[in-house]
Amino acid sequence: MTKELPSRYDPKETEDKWYAYWEEHKYFCARPAPGKKPFTVVIPPPNVTGILHMGHALNNTIQDILIRYHRMRGFESLWMPGVDHAGIATQNVVEKSIAKEGLKRQDLGREKFIQRVWQWKEQYGSTIIRQLKKLGASCDWERLRFTMDEDYSRAVVEVFARLYEKKLIYRGHYIINWCPRCQTALSDEEAPHRELQGSLYYLRYPLEENPAEYVVVATTRPETMLGDTAVAVNPKDKRFKKLVGKALILPLIGRRIKVIADSMVDPKFGTGAVKVTPAHDPNDYATGKKHGLEFINVMHPDGRMNENAGDYRDMDRFEARQVILEDLSEKGLLEKTEPHTLSAGHCYRCHTIIEPYLSRQWFVKMKPLAKPAIDAAKKGKVKFYPRRWTKVYLNWMENIQDWCISRQIWWGHRIPVYYCAKCAETGKSQIPNSKFQKKKQNSNPKSQTEEAGVIVSRVRPEKCPVCGSTDLAQDEDVLDTWFSSWLWPFATFYWPDEKRAHADLEYFYPTAALVTAPEIIFFWVARMIMAGEEFMGKAPFSDVYIHGTVRDIEGKKMSKSLGNIIDPLEIIAEYGTDALRFSLISITAQGQDVYLSKERFEQGRNFANKIWNAARFILMNLDEQAAGQNIAPEEGGKKTASAANRWIISRFHSTAGEVARQLDTYRFNEAANTLYVFFWHEFCDWYLEMIKQDIKNPDNQEVMMAVLEGFLRCLHPFMPFITEDLWQRLKLRGDTSIMRAAWPPADKATVDKKLEKQFASLLALVTHIRNLRAWLEIKPEQQAVVSVYPHSKAHAALLSESKALVLSLARLESAHILSENQRPEASVSSVAEGFDVYLHFSGLFDAAKEQAKIKDRLSGMHKSLEAKKARMANKEFVKKAPAEVVEKEKAGIEELTNSITRLEKMFNELQRGA
RNA sequence: GGGCUCAUAGCUCAGUUGGUUAGAGCGUUGCGUUGACAUCGCAAAGGUCAGAGGUUCAAGUCCUCUUGGGCCCACCA
């Protein structure tokens, strides 16, 4: 079995091979298992147009670690994968692709266009899945879901119908966020505000009775003045008191508009007089409703001015702005222009400035849905990691606005609403069909009334249930993509199809943890909690882990347009998947953004190589007899006698326990770091170096192998490929894959803290000797001689047991053990914790230099000792600090005093000698 | 306007619920030994934990303020 390995780890040799092996053996599959606890994670479904970026890489590595870790801990671990149809994004991509053929979607028509989208999906839609597999994601691929699948769509329609029946969905004319480029309505979340450098324009509106007088209004969007139907002032504003009720002539259009009084106007802003455009501003809309103003829409859906815009008709909104300003200026009606920073909504898909636009849309009434979801977070049924996101979540939930869910695009779930032309004409409404609905209606007669001719149906109705007409037309709009995503944790289990869903949904829902980025909290996390509470009666997950945003080294978000992208697939090709995963994880502190540069991945690659070479070394030196033994560190610890072996076994278990604790609390970077330090520095730099010269010793054989094997299991969730590969080469245990092996159990019996501490002092002794050697420039090949005086019997015992180790680690010919008051001639001295050490040295060296060195150390030690003494002298400290801490201080004083005494003695001896 | 977050070694960052002389990676300096690894080893230098005040026996860690970055939310036309 001991085959010669190359001296460098080559990820390309292992990754695809082992991934195929795992898939073939169905190790990723999870099925309800009685007696086993489930551990479920649903993937944040990437967009079907997605290609793997660093954000995905981080997000999915975290999930994979959780899943693999829990799988090894004996949970039935399910990672549910899937892809999101991403309405607007996908439609945009396909529109771009047909544009190459000179086609617009309108040229194809709805049906053909949607066919093209499906074609596109068949061709490119699995890219992201392939890439996730490259990343090592251990999803149960047999369950792969797509939000536009027939089953999934059924859930979407069901949810729409239920909410409509509960009167939580309604249709209405409101100001919504409109993207003139995508030509669709957007929810508030889809139109994030960005700051802009703009101007505040002061416009003069002449009085009807005396055109020489005017009211000055300030605006940032002068083109909307074409739709003005009033000017508002604050009723308490003395400046305008006499103008209220008077008429103004709207310039350029010539419309007669009134001056109205409304307390919402801030007299301190601008001129104190506000133009009111009820069809193009949410505030003005409210004012318009309140005062019964006219709503005049002046824009086409594509952002050009419409027939109400007079001479500006068909100009783009920004072009119209310029021309209007010129025209006003010409007429002397542009008083002044001031620079002004404003914030405006931007389309989250195409970044176009959105237009507040009056249109008829479908909405979800959110307040009733939010309530249980707020409770869930407040009662700790849903916990955020880091905790601070709870506040962000609650703040949003408590101020939640109704959700605009209709989109004027073609790719998505078509709204399950049908209109009966005949009923609309005659004004008959759909007959309420559920008892619940009736009750609600009665108890709240003011709730919205049924609209005539509107039929909401789970299946396409043959004829109108009211009048029997077959003249039915389905709503042209589709639903917001997030209206399907919010059902993800249960719709993926075939809800509401009870037959199909039952066993899985029962077993795997609610899920354990959701892993996502902060910008998704409102879009998705909050809404999933609401949907879970509403339709399942339970929050969909108990933990939400929010990781940081991946940024470039300057802190900028990675984006194509900035050209600062680091492509994870490139990193995989260059450094390997394990390196990518490990490096990403080790720099991802809980809740902090990740600042990334390519060099960061060297650390991961180097670590993989280090592991590879340590394993190579062990395999090369393994006796046939020891090979194939079924030894785990769990068992190995009790058998072995040598201090070094007991030490490394104890350290291994301490490490495993610590890593488990860190993973259980989502401290991934700390877990990665703990494993790194243990393996590299303790296992390789110290332990393997210790046993090197006695490597054929059966105890050593057993322990080095056992610790390596156990370590590989601990590391597997982080670096799945190299760990599997080496584990297979060791073949120590009966399992067929490291994935099937158990995470090392936390066995406190094998952890010996006292031994660990004592052993550390032995290692410190070695470091001291090496330090002296380096200081005296003793060549490595030159074997030195030391004399050591141990401060206690325990130290003496440990030293004599492990003398051989010290000799080889410090490259010594011999080490004499001294009794008190012996100082060898021609030596240079130092004091380690628990030992005086004298390095025999007959060459030239400067005693003064040595003294200076000792003095330097002494001053540091004195400072520390004084601090400790002061603490112990403080009665409050002794009284109030925990006994453990006081004990520690006491021991520290003793130790320090001892060391100081020893050092001072040396110092004085040197003084005398000089 | 409200909220969150960051400031620790030359650089990039860790540092659990306060508790030895504050850590890592990279970089720097010196030395490299019987072939696991130069993608390596050994040793070393380098920090008044942004500033000021407070709470506490004890503060990098908790509180307040200041300075300077970043982010999110909000209907200032």
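Observations, loosely collected:
- Carbon + sulfur, % of accessible area of the stretch A:768-914 - ligands and nucleic acids excluded, 1.4 Å: 54 percent
- Taking 28 Å as the straight-line reach from the Cα of A:Lys238, the lysines in range (excluding those fewer than 8 positions away in the same chain) are A:Lys246, A:Lys258, A:Lys268, A:Lys275, A:Lys289, A:Lys290, A:Lys336.
- Ordering A:702-713, A:527-538, A:563-574, A:202-213 by mean Cβ neighbour count within 10 Å, with the highest value first, yields A:702-713, A:527-538, A:563-574, A:202-213.
- Rounded, prolate or oblate (a/c below 1.5 giving rounded, otherwise prolate when a/b exceeds b/c) for the stretch A:222-356 by Cα gyration tensor: prolate
- For the stretch A:678-686, the Karplus equation 6.51 cos²θ - 1.76 cosθ + 1.60, evaluated at θ = phi - 60°, returns couplings of 4, 5, 5, 8, 7, 6, 7, 5, 9 Hz by residue, with Gly and Pro reported as x.
- For A:Leu78, distant residues with modelled amide H under 5 Å away: A:Phe39, A:Thr40, A:Val41
- Mean Cβ neighbour count within 10 Å, used as a protection proxy, ranking A:716-723, A:835-842, A:776-783 highest first: A:716-723, A:835-842, A:776-783
- Only protein atoms count toward the accessible area here, which uses a 1.4 Å probe; on the stretch A:245-358, the carbon and sulfur part of that area reaches 48 percent.
- Residues whose placed amide H lies under 5 Å from that of A:Met558, excluding near-sequence neighbours: A:Asp552
- Per residue, in Å², the accessible surface of chain A once ligands and nucleic acids are set aside, probe 1.4 Å: 45 Å²
- Straight-line cross-link reach from A:Lys557 at under 22 Å between alpha-carbon atoms covers these lysines, not counting any fewer than eight positions away in the same chain: A:Lys598.
- DSSP beta bridges in chain A [antiparallel fraction, %, rounded to 5]: 70 percent
- Cleavage-rule hits, trypsin sites (Lys or Arg not before Pro), the stretch A:1-69, DSSP coil, Cβ neighbours within 10 Å at most 14: A:Lys3, A:Arg8, A:Lys26, A:Lys36
- Prolate is the label for chain A, because the ratio a/c of its alpha-carbon gyration tensor axes (a ≥ b ≥ c) is 1.5 or higher and a/b is greater than b/c.
- As a rough guide to protection, the peptides A:367-377, A:815-825 ranked by mean Cβ packing within 10 Å, highest first, stand as A:367-377, A:815-825.
- Extended-chain gain in nm, criterion 0.36 nm per residue less alpha-carbon gap, A:Gln197 and A:Ser792: 206.7 nm
- Qualifying lysines (Cα of each under 19 Å from Cα of A:Lys888; at least 8 residues distant if same chain): A:Lys753, A:Lys754, A:Lys757, A:Lys863, A:Lys868, A:Lys869, A:Lys875, A:Lys879, A:Lys880
- Translational D in µm²/s for the stretch A:309-360 (Stokes-Einstein at 4 °C, 1.567 mPa s, Kirkwood Rh from C-alpha pairs): 96 µm²/s
- Stokes-Einstein D in µm²/s, Kirkwood radius over Cα pairs - the stretch A:448-488 at 37 °C with 0.692 mPa s viscosity: 263 µm²/s
- For the stretch A:54-98, carbon and sulfur atoms together expose 54% of the accessible surface, with a 1.4 angstrom probe and every protein chain in place.
- Karplus-derived 3J(HN,Hα), 6.51/-1.76/1.60, for each residue of the stretch A:599-616, Hz, glycine and proline x: 4, 4, 7, 4, 4, x, 5, 4, 5, 4, 5, 4, 4, 4, 6, 5, 5, 4
- Computed helical MRE - 222 nm, chain A, DSSP H runs ≥ 4 contributing -39500 (n - 2.57), nearest 500: -13000 deg cm²/dmol
The values are calculated or read from the model by the stated rules, or taken from the named source; none is laboratory data. Remember, it's a predicted structure, so these values are computed and weren't measured experimentally. Heads up, the Cβs are rebuilt from the backbone with ideal geometry, glycines too, and the neighbour counts pull from every protein chain shown. All accessible areas refer to the heavy atoms of the entire protein, side chains included, with ligands and DNA or RNA removed. Shrake-Rupley method; radii C 1.70, N 1.55, O 1.52, S 1.80 Å.
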